[in-house]
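Asks: Here it is, the structure in full.
Only the coordinates and a few stated rules stand behind these numbers; no lab work does. It should be emphasised that the depicted structure is a prediction, and the values quoted were computed from it without experimental measurement. Neighbour counts run over all protein chains shown; Cβ positions are idealised from the backbone, glycine included.
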Amino acid sequence: MPTGSYERYGLTGNPFRELASESLADVTIYHVNQDVDAMLRTIREEVFDKENRAVVAITGIQGAGKTERLLMTASEAKERKAFCVYFDVTTTTQWLLRGLAEAFQKAAKEGGHVKMLGSPAWLRPITALARAKPGAYDPKRVGRQIGEALNAAAPSFLLLNDLHNLVEMAEVDAFVKTIEEVTDVIRPGVLVMFTCYASYLAWLSVNHPAFVSRINRALPLVPLSDDEARLVIAKKLLAKRIVEELEPTYPFDREAVVELEKAAHGNPRHLLENADTVLERAVATRAYQIDGELVRSALDRGKGVLIGGEIHSAEGAAPSDPDPSETPPVRAPAESRLFGRRKNP
């Protein structure tokens, strides 16, 4: 689609093409505060001031904004020159401990802790872990080393994204026990924060109750309100705006934003996906404004409605999100099941 196609809306292009603000460069620009963010702000301040230590779990379905909260913390840590380790737990991660150790090394280098004459004493045991061969390790010893490193670098942050991806890995038990030991070792000035599906936190509570008992706050993300959805749309549009003195959400009118929010069920990622689809339809039909009727017609596809990039039945139950809590239990390591109790060997 030529760039000029969007000029009728005072835009240089489609601002919804990049659906997520998952980078330090723009996360603070596009972020819309909800109640949970005030709680996280208080927790971070206590850690920055070394008044407290905290273990926080952020739960929510796919696209709810879990990663964004971690990136907000990482962005603030960078701005205030605090030590911050950010680690994505993915289904393709070959060896979690090595990946985490390498994330520590990267954070230390970027934070200026690694000098020409050598590394700080607290980083040396972690560096050794990065060179170790895959295999069995002592979770308590390794967790103690990681915790002591975080204490020495305080204020410091250990941010683990998408911890639910552990459920399919053989290393899940050892890694969770390692993080459990970290939470026992850390002192005021350290924050350990991770994101996962609510169903995975329930799985942890059954299979690793000692770890879950060490979590200070479990913060579930809630759907966007109409006003919050309006602000999300407005912030995205502003990034491509070339004409001033327009309504913040133009070309979407108020009814259009409400319809977008309703179709997305308050999910931020789905909201942006649907806004992308509707804006493209508006460009194609040369509409000068997007109202509720245009939103409904753009998302309507015969017998289905486009939600989050997929066609769902317009009749019956509302479309579900790919959250394990809404699907059959996933078989987890050690012969356990989601929401189930560990079987005896």
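Asks: List the pairs from K50/K140; K109/K236; K50/K106; K133/K177; K109/K235 whose alpha-carbon separation is above 27 Å, in the order I gave them.
Replies: In this structure, K109/K236; K109/K235 lie more than 27 Å apart at Cα.
Asks: Taking H placed 1.01 Å from N in the peptide plane, check which residues at least 5 places from L11 or on another chain put their amide H under 5 Å from its amide H.
Replies: Correct list: I242.
Asks: To continue, here is another question. Determine how many Å³ per residue the convex hull of the Cα atoms of region 146-274 encloses.
Replies: It comes to 163 Å³ per residue, whole-number rounded.
Asks: Here's something else I'd like to know. Given Cα pairs under 8 Å that are at least 6 residues apart, what percent is the relative contact order of region 35-220? Don't skip to the end; give the middle numbers.
Replies: On the way: 296 pairs, mean separation 69.9, N = 186.
Rounded, it is 38 percent for region 35-220.
Asks: A further question on this structure: Please list, or write none, the aspartates and glutamates whose alpha carbon is within less than 14 Å of the alpha carbon of K81, excluding same-chain residues fewer than 8 places away.
Replies: E45, D49, E110
Asks: Between region 143-172 and region 274-288, how far is it from one alpha carbon centroid to the other, in angstrom?
Replies: One Cα centre to the other: 44 Å.
Asks: At 10 °C and 1.306 mPa s, grab the translational diffusion coefficient of region 35-220 from Stokes-Einstein with a Kirkwood Rh over Cα pairs, rounded to a whole number in µm² per second.
Replies: 97
Asks: Pop the C-beta distance of S5 and L238 into the FRET formula with R0 = 22 Å and round what comes out to the nearest 0.05.
Replies: The formula returns an efficiency of 0.70 here.
Asks: Which residue, chosen from L204, V185, A263, occupies the Cα position most advanced towards the positive end of the dipole of region 161-269, where the dipole is computed from +1 (Lys, Arg) and -1 (Asp, Glu) charges on Cβ about the Cα centre?
Replies: So the residue furthest toward the plus end is V185.
Asks: Right, here's the next one. In region 52-126, which trypsin sites (Lys or Arg not before Pro) fall in coil by DSSP and have 12 or fewer other Cβ atoms within 10 Å?
Replies: Those that pass, being in a loop and sparsely packed, are R80, K81.
Asks: Enumerate the amide H contacts of A218 below 5 Å, restricted to partners 5 or more residues apart or on another chain; note that Pro and chain-start residues carry no placed amide H.
Replies: The answer is A57.
Asks: If amide H atoms are built 1.01 Å from N in the plane of the peptide, which residues on other chains or at least 5 residues away come under 5 Å of the amide H of C84?
Replies: The answer is F157.
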